[in-house]
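Please treat every number below as a calculation from the coordinates, not as lab data. Note that the structure is predicted; figures quoted are calculated from it, not measured. Cβ sites come from the backbone with ideal geometry, for glycine too, and all protein chains shown count toward neighbours.
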Amino acid sequence: MLSIYRNKLKPAEEIDYLISLTNGFPEKNIKKWQRLNYVNSEYIYVIISGEFEYRRLCDDLCLFSARNQFIFGVTSLFYDVGHIYGVAKSNIVVRMVKKTEFMTLLTQASAWPQMTKILAWYLLIFNKRDDILVARSAYDVIREFLLEINDMIINHQREINIYDYIQEYTSLARSTIVKILSDLKRGHYIEVDKGRLIKINSLPVKY
């Protein structure tokens, strides 16, 4: 489950430290649904509050989401990353810091080890995402996301439409998602009301 895995391994101390280095930089309010772009940008975005998503440019597929303090754009410090963009999932507050200034801050504070740990965490997230999605059956993918959604509902009180959420994070056809979830409901493996997951009774290993 990607969100559980991501949060469990998140280098929160390192992220907080790097964000503290940007104290004093001006803050900007970004409205919900506004994009944050990598392409030809001389800035990185230090997210102070709010929720945003990493999306794939070619098809708007959501790769993963993050809440509250975060740093968006660190992978573009050395490379022009043109296939990913960010989108504000809520109103967010950001500090826009020039890449050259940010790297100077890292050097002056001897903070490159912290940055290395954050970049390694990004790599782990995308490796885990591939493990969940690549060469897996549609049911295996949906099963993983149902478990993730259930955890988010229990531990974070999130209101989630399971059909929309699974489609947003995968390339599965809507009809495939609907059919598998309908079969699980008929088999009393899950309870769903108006698109909201109410309860997981049990999920079979195989479909």
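Most exposed first by the Cβ proxy, i.e. fewest other Cβ within 10 Å, how do R6, R158 rank? Could the numbers behind the result be given before it?
Values: R6 18, R158 12.
Lowest to highest Cβ neighbour count: R158, R6.
Work through the residues other than F126 whose Cβ is under 12 Å from its Cβ and net out their charges, Lys, Arg +1 and Asp, Glu -1.
Once positives and negatives cancel, what remains is +2.
How do R186, R35, R95 rank when sorted from fewest to most other Cβ atoms within 10 Å of their own Cβ? Before the final figure, lay out the partial values.
On the way: R186 8, R35 11, R95 19.
In order of increasing Cβ crowding within 10 Å: R186, R35, R95.
By Kyte-Doolittle mean hydropathy of at least -0.5 and Cα axial length of at least 24 Å, which whole DSSP H helices of the chain are selected? Please list the in-between numbers first.
Details: long enough: 112-133 (32 Å, 0.16); 138-156 (26 Å, 0.33).
Membrane-span-like by this criterion, though nothing is claimed about a membrane: 112-133, 138-156.
L172 to C58: extension gain in nm, 0.36 nm per residue of separation minus the Cα-Cα distance? Let's see the in-between values first.
On the way: separation 114, 0.36 × 114 = 41.04 nm, distance 1.56 nm.
Extra length from L172 to C58 when fully extended: 39.5 nm.
Can you give the relative contact order of the chain as a percent, counting alpha carbon pairs under 8 Å and 6+ residues apart? Let's see the in-between values first.
Values: 296 pairs, mean separation 46.5, N = 207.
Reported relative contact order: 22 percent.
Could you work out how far the C-alpha centroid of segment 7-40 sits from that of segment 101-167, in angstrom?
Their Cα centres are 16 Å away from one another.
Once amide H atoms are built 1.01 Å from N in the peptide plane, which residues 5 or more positions from I190, or in another chain, come under 5 Å H to H?
Result for I190 returns K185, N201.
From the P(r) of the chain, can you give the percent of Cα pairs sitting at distances over 21 Å?
Working: 12158 of 21321 pairs.
Taking all Cα-Cα pairs of the chain, the fraction more than 21 Å apart is 57 percent.
List S41, S20 from most exposed to least, where exposure is judged by having the fewest other Cβ atoms within 10 Å. Write out the running numbers ahead of the final one.
Details: S41 17, S20 11.
So the ranking, lowest neighbour count to highest, is S20, S41.
How many Lys pairs in segment 2-133 lie less than 15 angstrom apart by Cα atoms, where the lysines are 8 or more positions apart or on different chains?
Counting lysine pairs in segment 2-133 gives 7.
Report ³J(HN,Hα) in whole Hz for each residue of segment 56-66, in order, from the Karplus equation J = 6.51 cos²θ - 1.76 cosθ + 1.60 where θ = phi - 60°; Gly and Pro get x.
Couplings: 7, 5, 5, 9, 6, 5, 6, 8, 5, 10, 9 Hz.
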